[in-house]
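To keep things clear, I will list the structure first and then write my remarks on it.
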Amino acid sequence: MTQSYRIETGGLINRNKKISFKFNGTSYFGYEGDTLASALLANGVHLVGRSFKYHRPRGFFGAGVDEPYAVVQLYRNGETEPNIKATEQELFEGLEASSVNCWPSVNFDIGAINNFLKIFLPAGFYYKTFMWPKSFWYKIYEPFIRKAAGLGVASTKHDKERYEHKYEYCDLLIAGSGPSGLASAYSAAKNGAKVILAEDKPRYGGSLLTSDVNIGNQSGKDWADGIISELKEMPNVTVKNRSQVFGYYDHNMLVMSEKVSDHLPKTKKYHPNKRLWYIRAKEVLISSGSIERPIVFGNNDTPGVMLSSAAKEYLKVYGVLVGKKPLVFTNNDSGYETAIEFKKHGVEPIVLDSRSNPQSEIIDEAKNLGINIKNSYVVVAAQGYKKVKSADVATISEDKKTLGKIENINCDCICVSGFWTPTIHLASQSGNKTKFNEEIDAFVPGVSKQNETTLGAANGVFTLEETLKTSFEKGKELSKKITEKDNEISIPNVVEKKYSKHDKFWCVPLAKGKSYKRFLDFQNDVAVSDVEIALREGYRSIEHVKRYTTLGMATDQGKTSNLNGLQLVSEIENKVVPSVGHTTFRPPYTPISIGAIVGREVGKHSKPTRKSPIHNWHEEHNAVFVDAGVWLRPRYYKRGNETLFEASKREAKNVRRNVGVCDVTTLGKIDVKGPDAAEFLNRVYTNAWLKLPVGKARYGVMLREDGIVMDDGTTTRISENHYHMTTTTAQAANVLSHLEYYLQLVWPELNVNVVSTTEQWAGAAIAGPKSRDLLQKLFPKTDVSNEGLPFMGYVEGDLFGVKARIFRISFSGELAYEVNVESDNGRFMWEKIIEIGEEFQIQPYGTEALSTLRIEMGHVAGSELDGRTIPYDNALEGLLSKKKDFIGKRSLQRSAFVAEDRQRIVGVVPLDKKTSIPEGSHLVKDANAPLPNKKLGHISASCWSVENDNPFSLAILKDGKNMIGEKLFVMSPLKNKVIPVEIVSSHYVDPKGERVRS
Amino acid sequence: MLHIKCPHCGMRSQNEFSYGGDATVKRPELNKEVTDQEWDNFVYNRVSPRGKHLELWQHLSGCRQWIKVERDTATHEIFKTYKANEEIA
Ligand SMILES: [Zn+2]
């Protein structure tokens, strides 16, 4: 394929490097420095998609971030990404892209039938059309919409790319590297301020890349290049291209997305795909420029109709002609710049100017070049379906209400200029009260809320001379406040052409008897008639009109449509634009990929997975792991073809019969130290702590102030002023914050310090009748007899040269111990226990067996302490001290908490002693009662009792105290189960606790 | 994201902190008889003012100190921050 629309020389592309790419399966080539859009246009490709609602053919409208049409599906390095603007995507070798919104193909699109049925798809069609009949929804509407709608397909694969987040602080953040950005960055940098200059495009310079101006006796572009290379050399300046500042948040924090790798065929090793910058700036300078706005006319969405500034950019930056018979339709002088560029490259443009007799330097230049200029002329409608073939044009009266005779002009593109709209998104996001500027028919920033200043075209200033002057001064003034330096900068000479006034004209009236669609919003297919319907149906607020018609709600957020929409509403409503007001600008300014937002917080729980120091051993011994909060814990150790059920039964049985060992490293551990530690624990826990001797452990329960159980665990007095507290795995972090709260804020007079030691200790629970024999062999020098180390006792021991802490505590109902060593010795300890335990038939056990053992014994855990239960509910009222006050005690007097029939923990056994009871099931009196069947309680935990060899569950049951012996039903609609059960004591095994004390 | 001055560590981003609610609520003293109403006011009842609000934050991923922050709930302006035991001006 030849690039028939590429001019011979010129542009900023590298003609020495050809790049091949594919679009919709066809191979093309472009040059290094092209965008996908410019390369396609160079090849004469204008048809790139179909519109969202009517599936009308879509081409290119802009040349950058404002592009509403050319949204493609991109394929890169085996990955695919939707919603990519062809005007922003840089060309790389092997790039592949395809159209979206087209089914089955861009040239033959079934959805285009909507175009002929458009009478059925007016404003509010989302709300009206698909309401009836209901039966149509699944079979007809939904499949049709799913197939026909959407802006591409998200990949269902795991994203292999890496994304980074970066936090940065600076004195001045400057968004946009056009003339105002460069000038302010330069003077601020010269004053020694720490500056970040961000440019969303690959090339710096903004409008200077395409405008015909002179700064300090150089072309605008050369001046920009000079400033940039100087800034890049300065250590206090960060210059970033391909970086879009897209959001302005509280306390002057801005977020910027840097496309690190999107322009490359493949992300380089160790490089991220994108980097999201969180920038806290002392001052923000918004130099985001302006976007040309279209003039509305019939069929103004036909491929080949585009912004006049885009046509100029394609020509000056990429050396591409968007057409060879261009029609320029303008209401201001900008259109002439485009016409002159065409003319310079040997193409004959025709200019239609809505003004009757405009006079200016640039118009004179156009006239001198012999360009055909028609004043008081407008484009009434574009002709052509997949591409502009001609234009219906006419003269227009001075009041812009009456059209003259329609003439037809041959053309292959229509370049439109309806004047300029400042890009005020960032200022508005920061809380700036924007105001309407009558002079330019657009909103500009008003009073700043945060430390933000808008400069240049973004502030409605369209002359280069004034822009440069104010920008140099602002950069200097703001940096001076911060660095207290005052470096003199001479402001360069500017040569630019003076503009005449633009025409306050934005929409061409319909010709008599014609009903062309005149589009306002090109991505969401919102036409003038849609807004008219919305207003006729009573919508008044611009926010409502927006939602009803979807004007400005597409992924381009109405960058080219909002103001014309406002003009229309104000015209019909007979109001002025400022009283209609604009809709809210919300971040992000332009779509940001989810990967960039997520950053490194990917994978399970979006958090690092925590592993115990014994983890590798478990892995080597066929452990099947389970998530316990952010920890991975062995659920069971699989032998042969064992199922979870079989393995956990075997492991639990072995604890009851011989001895088992369980990794309990994940338990939360907190050191509580200080002379007032005992007093503090006495206030935190519900039971008494003042008399606990050194070398003894005690089980404790702590409440929240509202009386709900917060956590439980054992705390051991290691020495006079040193306690070792344990918490559940899940509550470890909350308990620490809770303790800190009381120590720092409520009782600062207590001399106590707390610190987390969870990571410092590895723990192994050794449980079962043979555990003492094993312990004696592990610690031959330590007396671990029932007298030497009684129940709830604590000693320190020597484990083959490793210092260990030995606690005699049990959560299994068996004689049991917990041994702690420093984390680094965790695996050593574990292997010693396994090695020496062999003669006692030791087996490791996982969380499933651990649960079985604690459920059988009626010991409560997280599923009972679920943030809804008080001590009584868990049969823990025996631990409530009557003598002393403690956190949450007063709440326990609340009437609901002392009710006679208060819920309480019970045991549940199926009558057939066979059917397993699903956790979460409800307990009811009558299985056949009409719905809603009154719930009496719920199953909190279930297991297979290895002691009694039948299913056993714990439940929190209304009036549980008086329900022992009752027959109820367990119902699980989810599992479709109804099970007759008997209510028993929650202490199913060893109710008197004899084994643990043996 | 707010920028909060920890009186111990300096200016830090909000994501290092966790929110702790109204800082003016005083826990009734231990062992003191309190009415149901007084206790409910301490545990449950909070005003939700528009404007200046003295609130608790904990510098969780920093020094772990609980601090008091005087913030405008409507504009997010932070007027002053205090150490836990500092007199409120
Ligand atoms: Zn701090």
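The values are calculated or read from the model by the stated rules, or taken from the named source; none is laboratory data. What you are looking at is a predicted structure, and each value in this text was computed from that prediction instead of being measured. A quick note on method: Cβ atoms are made from the backbone with ideal geometry, for glycine too, and the neighbour counts reach across all protein chains shown. Heavy atoms of the whole protein, side chains included, go into the accessibility calculation; ligands, DNA and RNA do not. Shrake-Rupley method; radii C 1.70, N 1.55, O 1.52, S 1.80 Å.
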Close pairs from the range A:619-633: first free of Cβ contacts under 8 Å to residues at least 40 places away in the same chain, partner open to solvent by 50 Å² or more (accessible area, probe 1.4 Å) and of a type in the set (D, E, K, R), Cβ under 6 Å, at least 6 apart: A:ASN622/A:LYS638; A:VAL630/A:LYS607; A:VAL630/A:ARG610; A:LEU632/A:LYS611
All positions within the range A:642-681 that are assigned to a loop (DSSP other than H, G, I, E, B) and among the hydroxyl-bearing types (Ser, Thr, Tyr): A:THR643, A:THR665, A:THR666
If A:VAL380 passes every condition in (1) surrounded by fewer than 21 Cβ atoms within 10 Å (Cβ to Cβ); (2) within 51 Å of the chain's Cα centre (by Cα) but one, which one does it miss? (1)
Name, by its number, the condition in (1) more than 14 Å from chain B (Cβ to nearest Cβ); (2) in contact (Cβ under 8 Å) with a residue 12 or more places away in the chain that does not hold for A:GLN776. (2)
Identify all residues within the range A:539-554 that are in a helix (DSSP H, G or I), open to solvent by 10 Å² or more (accessible area, probe 1.4 Å), touching a residue at least 40 places away in the same chain (Cβ under 8 Å) and not aliphatic (A, V, I, L, M); write none if there are none. A:GLU543, A:TYR548
If a residue has to be of a type in the set (Val, Ile, Thr), under 12 Å from the mean Cα position of the chain (by Cα) and either open to solvent by 40 Å² or more (accessible area, probe 1.4 Å) or within 11 Å of chain A (Cβ to nearest Cβ) (or both) to count, how many in the range B:64-77 make the cut? 1
So which residues in the range A:685-708 are open to solvent by less than 10 Å² (accessible area, probe 1.4 Å), in contact with a Gly (Cβ under 8 Å, 6 or more places away or on another chain) and β-branched (Val, Ile, Thr), if there are any at all? A:THR686
Take A:GLY323 and decide whether it is outside any helix (DSSP H, G or I), open to solvent by 10 Å² or more (accessible area, probe 1.4 Å) and over 17 Å from A:GLY418 (Cβ atoms). no
Scan the range B:1-37 for residues that are among the hydrophobic types (A, V, I, L, M, F, W, C), more than 9 Å from chain A (Cβ to nearest Cβ) and open to solvent by 30 Å² or more (accessible area, probe 1.4 Å) and jot them down. B:CYS9, B:VAL25
Taking the range A:752-782, which residues are under 44 Å from the mean Cα position of the chain (by Cα) and among the polar types (S, T, N, Q)? A:ASN753, A:SER756, A:THR757, A:THR758, A:GLN760
Residue that is in contact with a Gly (Cβ under 8 Å, 6 or more places away or on another chain) and touching a residue at least 24 places away in the same chain (Cβ under 8 Å), where the choices are A:THR395, A:THR463, A:THR453, A:THR434: A:THR434
With the requirement that a residue be outside any loop (DSSP other than H, G, I, E, B), under 22 Å from A:ASP222 (Cβ atoms) and open to solvent by less than 50 Å² (accessible area, probe 1.4 Å), what does the range A:471-497 give you? A:SER471, A:PHE472, A:GLY475, A:VAL494
Which ones in the range A:750-773 are open to solvent by 40 Å² or more (accessible area, probe 1.4 Å) and more than 10 Å from chain B (Cβ to nearest Cβ)? A:ASN751, A:ASN753, A:GLU759, A:GLN760, A:PRO769, A:LYS770, A:ARG772, A:ASP773
With a cut-off of at least 3 residues that are within 14 Å of chain B (Cβ to nearest Cβ) and within 30 Å of A:GLY603 (Cβ to Cβ), name the strands (runs of 3 or more DSSP E) lying wholly within the range A:160-256. A:163-175
If you take just the strands (runs of 3 or more DSSP E) that sit entirely in the range A:343-439, which of them hold at least 2 residues that are hydrophobic (A, V, I, L, M, F, W, C) and at negative phi? A:350-353, A:377-383, A:390-395, A:413-417
Positions within the range A:198-218 being buried (at least 24 other Cβ atoms within 10 Å of the Cβ) and more than 18 Å from A:ILE424 (Cα to Cα), in sequence order: A:TYR204, A:GLY205, A:ILE215
Please indicate, with yes or no, whether at least one residue in the range A:570-581 is of a type in the set (Lys, Arg), out of contact with any Phe, Trp or Tyr (no Cβ under 6 Å at 6 or more places or on another chain) and free of Cβ contacts under 8 Å to residues at least 40 places away in the same chain. yes
Whether any residue in the range A:949-960 is closer than 14 Å to A:GLN903 by Cβ and hydroxyl-bearing (Ser, Thr, Tyr) is what I want to check. no
Please verify whether the range A:709-723 includes one or more residues that are within 14 Å of another protein chain (Cβ to nearest Cβ) and buried (at least 18 other Cβ atoms within 10 Å of the Cβ). yes
Failed condition for A:ASP250, given (1) open to solvent by 20 Å² or more (accessible area, probe 1.4 Å); (2) in contact with a Ser or Thr (Cβ under 7 Å, 6 or more places away or on another chain); (3) of a type in the set (Asp, Glu), with all others met? (2)
Answer yes or no: is there a residue in the range A:853-874 that is farther than 22 Å from A:GLY713 by Cβ and outside any loop (DSSP other than H, G, I, E, B). no
